[in-house]
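Here is the structure we will look at, set down as structure tokens.
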Amino acid sequence: MGRPSRRVRTLLMTLGVLAVLGMAFTMFAGFWTDWLWYRSVNYSSVFTTTLWTKIGLFFVFGLLMAFAVGFNIWLAHRLRPPLSAMSMEQQSLDRYRMGISPYKKWLLLGITSLVGLIAGASASGQWRTWLMWVNGVPFHQKDPQFHLDVSFYAFDLPWYRFLLGFGFAAAILSVIAAALTHYLYGGLRVTSPGARATAAATGHLSVLLGIFVALKAVAYWLDRYGLAVKSSDFKATDNWTGLRYVDANAYLPAKTILFCIAVICALLFFATLWRRTWQLPVIGFGLMVLSAILIGGLYPAIVQKFQVQPNEQAKEAPYVAKNLKATREAYGIDDAKVTEYAGKSTTTDKTKLRDDATDAASIRIMDPNIVSPTFQQLQQIRNYYAFPTNLDVDRYSKDGSDQDTVIGLRELNLAGIPKNNWINDHFRYTHGYGVVAAKGTEADSQGRPVFTESDLPSKGDLGTYQQRVYYGEKTSTYSIVGGPQKEIDYSDDNGEKTFSYTGKSGVNLSSPINRAAYAAAFNEPQILYSGAIGEGSRILYNRTPKERVEAVAPWLTIDGDAYPAVVGGKIQWIVDAYTTTNGYPYASRTTLGDTTADSLTATNNSRAVVAQQNQVNYIRNSVKATVDAYTGEVKLFQWDTKDPVLKTWMKAFPGTVEPRGDIPDALMAHLRYPQDLFKVQRELLSRYHVEDAQTFLSGSEVWQVPDDPTNKSGNAVPPYYLSMKMPDQSSQVFSLTTTFTPNGRDNLSAFMTIDAEAGTSDYGKIRILKLPTNTTVNGPKQVQSQFNSKPDIAETISLLNRGDSTVEYGNLLAVPLDGELLYVEPVYVRGGGLKYPLLRKVLVTYGGNTAFEDTLGAALNKVFGADGAITEPPPPADDGDTTTPPPSSTNPTVQQALNDAQKAFDAGQEALKKNDWVAYGEAQKDLEDALRRAEEAQNRADKSGGGTSSPSPSASPSG
């Protein structure tokens, strides 16, 4: 086959050049769009600081590695023996030497470039380690063993270990490269008789090996300090960190001895420059290896076996005490207040406790993790809106008092738009609209939420605010706004309203370069040539609150639950962020992804801290961040003003975090203690609530977080936000609560709360009520079992579950009251013609008395024997309340339809009394049909001038 024609070669060359240019432009597009995005959110300094740090580390360590390997290859080549001195073995390598001789410079350049690129890429990934080392600030706390500031372990030691690892890699690669070069050019012989190495090769390789052994000596010295942050298996706790008896009395002296031996061995290797023999360094190296086995391995095992195990508690107690103190400090649980709690009421007349029960807590019967479908059904309005799977709990003030409120945003749902195409998905349907909120402590007569903010546009107690939601938890795709194409704003009785985005968020697409870059970055060619993009078009992306905060502050760990609040006429997403380290001496480690998992994260991954599967042993909620739902503006506020880790990052990225004093009062009212940090702390407190080392070692006081009794997931019960007061408090405080049970048992061992209301003096204060160990107090699982096992309750539950109806249990809330725990659980029913859960019953138990009633007030009255003593206020009027009887009319056709509606209404009420949800659903359908016929008949009568009355809108069914 002949050579390709000139035209074919030109075509292939052109295609190759185009391919290279295409790859180069794709890389440029990724870089350029990142720069544009950071500039659009006013955090370009984060991009540039990170970029230049990575570039600097890449070139510095890449060049160092390339120089180390290249220099040793060049030196080995320079020290090669003359050809006449080469053995027969070496003469057989002539063809290899001859083959590479013309290209040896290019080969040297290629090898050094390859190792330099690999080393540089590895070093650039250490940008966080470098920035923490160069900007580290002191903790002003010292470890109990070496009396060094904690900053040495958190900021310095990781960088020293990286340098040591780099040194080892450079030494090993240099030894390999030098040895191969010496072999290729005759300095080393393998099979030939006589001397195996020339004096020059011996001296060269011995120096490199001496450097390697010297680095090993440094490693032994650093290992001494590493014992303070070393994880080990210890029966007292998982992920134990710090020195134990065997570490302090065997490993620590062993490391010191091995350091000395390694220094001597390195000197012996260096001495071969003069002695020209391997005998002493080889002996020294062998002794070092033997010492490592005997002193570093066997001796500690003997100490553990014969000194520690026979009297473990006495030997380990001083080190356990250090671990207890450090762990409690590192996780912010050192001030946790543990109080003995009787577990039994001392009041004989329980009726007196009825008023106390109301004062003890604003008991939330609207479970934010259950009622999202109810919000969806009653307030979705359009299919292209949706609410998150789990709603949020916040506080809003009305008439001078705070109200626990269940809140959610009506976000964009692309799956519900009439037709999916590129224009609809990215230009027309771009945002959600409005807040929907309901009282957490009330339900209407039909078991539906009592909305305080509802409809579209939303109106209610929250006043006037920018309702458009361009940034939200469900907004995962990009939108192009502000250009020629109008957006769907919202729909009402007068049809669809359009809107054009006026904010400054996003990146301007007026520039052809920007459009081409985004077309490449998003793999969407239409961005380049679409006529829907024009002057003023802006592209919005990275639109979830977590994504935006993670991008502008990559050194923070983000809480799994961002929540919305109406602040100063804007919808603001509030995001809690953490600073962490893995280098707090003696503090036991935890894995955030595992510790924060519960029954909610098992069904909703967006609530999980899945990005942090690495272990940490220090955490602070150092930053409160906000993301504007309309403009996407991100603000970071310093929250923990004492945290040295945050101060370090603020030095590395100056100007990115605003001072705590700049937090507006309106925003402060909605800040709360974060759930994920609380879950980490409760997991640690299950063991570290004790302060006595002997008790800790015995394991007799170990607790566990119980499984969620309201479902069969087998996952931990989530903590609950609740306004309540503990025995030492005079009034209710917005709090996070949880329960503990003994390890392996179901009875209650403790109840824990933390003041979650920001801006108060007790914010973050942990209170634990410890139940007596000599009596049995029912835990959540036992309470749930008692609920389900009572014959009358079981019979009612069975009726509620009949047909296609399904019972769903809400949050099982516990409230301390007069020495005992009051348990309250709302019960919802979904089905019977309804696709969403409605509150139908409330379970209450206290002091062995259990009630299962239609309302919380009735259940409390029954439990405390105070029937009729306290009445609940009448439910608020509801435009969709089907309990309002249909009106009358003088028009006979209309009246007949209204009579049919009355019969359906009566049938529905009778079905409600019998808890027959199938019949109730059929009655609702009949009622809706009758009212529709009445309305049509009335409209016809109005047009012909007849009829004097029309059906009331209040009679129309809500479902």
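Quick notes on this one:
- Test: residue in segment 311-320 that is of a type outside the set (Gly, Ala, Ser), without any contact (Cβ under 8 Å) to a residue 40 or more places away in the chain and either in the same structural domain as residue 218 (by TED's automatic domain parsing) or within 25 Å of residue 197 (Cβ to Cβ) (or both): yes
- Taking (1) part of a helix (DSSP H, G or I); (2) crowded, with 24+ Cβ neighbours inside 10 Å; (3) of a type in the set (Val, Ile, Thr) in turn, residue 405 satisfies each apart from (1).
- Residue that is surrounded by the most Cβ atoms within 10 Å (Cβ to Cβ), among those in segment 375-398 that are assigned to a strand (DSSP E or B) and under 21 Å from the mean Cα position of the chain (by Cα): 394
- Test for residue 367: is it assigned to a strand (DSSP E or B) and either within 26 Å of residue 675 (Cβ to Cβ) or polar (S, T, N, Q) (or both): no
- Restricted to segment 306-346, and to residues there that are among the hydrophobic types (A, V, I, L, M, F, W, C) and in contact with a helix residue (DSSP H, G or I) (Cβ under 8 Å, 6 or more places away or on another chain), the residue that is modelled with the lowest pLDDT is 308.
- Close Cβ contacts (under 8 Å, 6 or more residues apart or on different chains) running from residues in segment 802-827 that are closer than 17 Å to residue 358 by Cβ and in contact (Cβ under 8 Å) with a residue 24 or more places away in the chain to residues that are among the hydroxyl-bearing types (Ser, Thr, Tyr) and not in a strand (DSSP E or B) comprise 816/341; 817/345; 818/345; 818/346; 818/347; 820/345.
- No other residue among 299, 341 is surrounded by 21 or more Cβ atoms within 10 Å (Cβ to Cβ), farther than 19 Å from residue 212 by Cα and aromatic (Phe, Trp, Tyr) apart from 341.
- Given (1) modelled with pLDDT under 95; (2) outside any helix (DSSP H, G or I), index of the condition residue 687 fails: (2)
- Of the residues making up segment 556-593, those that are on the phi > 0 side of the Ramachandran plot and surrounded by fewer than 23 Cβ atoms within 10 Å (Cβ to Cβ) are 568, 569.
- Restricting the search to strands (runs of 3 or more DSSP E) fully inside segment 720-798 and requiring at least 2 residues that are touching a residue at least 24 places away in the same chain (Cβ under 8 Å) and within 23 Å of residue 687 (Cβ to Cβ) gives 733-742, 750-755, 766-770.
- Residues of segment 690-711 satisfying the condition of being among the small types (Gly, Ala, Ser), surrounded by fewer than 18 Cβ atoms within 10 Å (Cβ to Cβ) and not in a loop (DSSP other than H, G, I, E, B): 698
- Residue within segment 507-515 that is small (Gly, Ala, Ser), in contact with a Leu (Cβ under 9 Å, 6 or more places away or on another chain) and not assigned by TED's automatic domain parsing to the domain that holds residue 411 present: no
- Output for segment 428-475, where each listed residue is free of Cβ contacts under 8 Å to residues at least 60 places away in the same chain and at positive phi: 434, 460
- Taken over segment 847-863, the criterion of being among the aromatic types (Phe, Trp, Tyr) and at pLDDT below 90 is satisfied by no residue.
- Within segment 483-498, residues that are of a type in the set (Phe, Trp, Tyr) have Cβ atoms under 6 Å from residues that are not in a loop (DSSP other than H, G, I, E, B) in these pairs: 490/433; 490/497, counting only partners at least 6 apart in sequence or on another chain.
- Checked across segment 864-878, the condition of being surrounded by 17 or more Cβ atoms within 10 Å (Cβ to Cβ) and at pLDDT 85 or above holds for at least one residue.
- Among all residues of segment 262-274, there is at least one that is more than 27 Å from residue 314 (Cβ to Cβ), at pLDDT below 85 and surrounded by fewer than 20 Cβ atoms within 10 Å (Cβ to Cβ).
- Candidates 454, 445, 401, 372, filtered to the one that is under 29 Å from the mean Cα position of the chain (by Cα), under 30 Å from residue 825 (Cβ atoms) and not assigned by TED's automatic domain parsing to the domain that holds residue 827: 372
- Some residue of segment 329-351 being more than 28 Å from the chain's Cα centre (by Cα), at positive phi, in the same structural domain as residue 430 (by TED's automatic domain parsing) and of a type outside the set (Phe, Trp, Tyr): no
- Residue, surrounded by the fewest Cβ atoms within 10 Å (Cβ to Cβ), within segment 43-70, restricted to residues that are out of contact with any helix residue (DSSP H, G or I) (no Cβ under 7 Å at 6 or more places or on another chain) and free of Cβ contacts under 8 Å to residues at least 12 places away in the same chain: 52
The values are calculated or read from the model by the stated rules, or taken from the named source; none is laboratory data. No experiment lies behind these values; they were computed from the predicted model shown. Here the Cβ is made from the backbone with ideal geometry for all residues, glycine too, and neighbour counts use every protein chain on show.
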